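See below for the structure under consideration.
The values are calculated or read from the model by the stated rules, or taken from the named source; none is laboratory data. Model, not experiment: these values are computed from the prediction. Here the Cβ positions follow ideal geometry from the backbone for every residue, glycine too, while neighbour counts run over all protein chains shown.
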Amino acid sequence: MKVLHISAECYPAAKAGGLGDVVGALPKYLTQAGVPAGVLLPKYRLKWINGHHFTPVFKGVIRMHNYYIPFTIEREDDDSLGFPLFVANIPGKFDRPGIYADPSGYGYGDEVERYLCFQQAALQWILHSPGRPEVIHCHDHHTGLIPFMLKHCPEYRSLAYIPTVFTIHNGLYHGAFSWQKLYLMPFFDAEARSLLDRLIAANPDFQSPTAHLTYARAVAALGERDRAHEEFGVLVDYYPGFEARARYATLLHEWGETERARTLAADALRDAQRLPAHTRESEREWIALLRKADRVS
């Protein structure tokens, strides 16, 4: 497969507008012209998809902040559309009776989470696939972060050599979301410094703990310790939960500031002991890091 189209729609499997028509036709004509192409879309609970049989070809897990979501990539058995059709089966995200809205017309309220899951599932599959596409064609905002993640996310940088095409089908729907959702993104490192610097300069009064943490981590990744100390020093006083303190304690240990790391970790662990059991469970990943930092000698 030379070209993989990644889209939220593909006629007749899933269509809400012109996007579905284009993605349903383009790979067919490419394949007929000697350029093998396929399509990946979410596995919705729709009539056409429910009426066809799909076989799993890959299973993986997506990390969304501090929890994991399993997914399966499945291929339609008969290639009945004239090209390979793959679907990302992500339980709890797309197995619903509708593409963007329920049958009564109410839009789903977790669009950001859904399509970040979908885009990462696509990249995880490509990352672990022996037969990678030569071009990735991303359609509309539902897949618009894929070129960014290929370039800026260490987890996917080994795929950065694959050219991407991004086509906007509907200029009215941009898919923009608040920086408050940034914590759902996979970590993007050095380049985040310049991106966030520009955002901070443009929006000096905007405050987002998750964006601030990403900025602090980017500064640390660039080796700017003084600036990283400054940013983390502010973060640990107001960041909700234990992630900022756990990451800072880990960095302090890596930088040889062992006593400072242990003090920070010990103070945080004392705070954790005062929390209800269910809250500690939700923070278990960061509490485990803090315990590790507290034990370091």
- So is Ile99 part of a strand (DSSP E or B), in the same structural domain as Leu40 (by TED's automatic domain parsing) and surrounded by 17 or more Cβ atoms within 10 Å (Cβ to Cβ) or not? no
- Query: In the set Gly241, Gly223, Gly256, which member is surrounded by 13 or more Cβ atoms within 10 Å (Cβ to Cβ) and at positive phi?
  - Reply: Gly241
- Item | Options Tyr115, Tyr106; residue that is assigned by TED's automatic domain parsing to the domain that holds Phe58 and free of Cβ contacts under 8 Å to residues at least 12 places away in the same chain | Tyr106
- Note on the structure: Over the range 45-71, the set of residues under 25 Å from Lys28 (Cβ atoms) and of a type in the set (Val, Ile, Thr) is Ile49, Thr55, Val57
- Item | Single unsatisfied condition, Pro154 versus (1) without any contact (Cβ under 8 Å) to a residue 60 or more places away in the chain; (2) crowded, with 21+ Cβ neighbours inside 10 Å; (3) not hydroxyl-bearing (Ser, Thr, Tyr) | (2)
- Restricting attention to strands (runs of 3 or more DSSP E) lying wholly within the range 1-88, give those where 2 or more residues are at positive phi and among the charged types (D, E, K, R). none
- Task: Look through the range 111-151, keep the residues that are within 26 Å of Arg96 (Cβ to Cβ) and of a type in the set (S, T, N, Q), and return whichever of them is surrounded by the fewest Cβ atoms within 10 Å (Cβ to Cβ).
- Result: Gln124
- Please tell me if Ile69 is in contact with a helix residue (DSSP H, G or I) (Cβ under 8 Å, 6 or more places away or on another chain) and either closer than 30 Å to Glu283 by Cα or acidic (Asp, Glu) (or both). yes
- Could you please let me know if Leu81 is among the aliphatic types (A, V, I, L, M) and either at pLDDT below 95 or under 23 Å from His141 (Cα atoms) (or both)? no
- Wholly within the range 239-297, helices (runs of 4 or more DSSP H) carrying at least 1 residues that are modelled with pLDDT of 90 or more, over 24 Å from the mean Cα position of the chain (by Cα) and more than 18 Å from Tyr67 (Cβ to Cβ): 243-254, 258-273, 284-295
- Cross-chain or 6+ apart pairs with Cβ under 8 Å, the range 214-237 first and in contact (Cβ under 8 Å) with a residue 60 or more places away in the chain, then surrounded by 14 or more Cβ atoms within 10 Å (Cβ to Cβ) and hydrophobic (A, V, I, L, M, F, W, C): none
- Query: Considering the range 76-115 alone, what residues qualify as being more than 17 Å from Leu19 (Cβ to Cβ) and charged (D, E, K, R)?
  - Reply: Glu76, Asp77, Asp78, Asp79, Lys93, Asp95, Arg96, Asp102, Asp110, Glu113
- Within the bounds of the range 70-78, is there any residue that is closer than 29 Å to Pro240 by Cβ, touching a residue at least 60 places away in the same chain (Cβ under 8 Å), of a type outside the set (Gly, Ala, Ser) and not assigned by TED's automatic domain parsing to the domain that holds Thr214? no
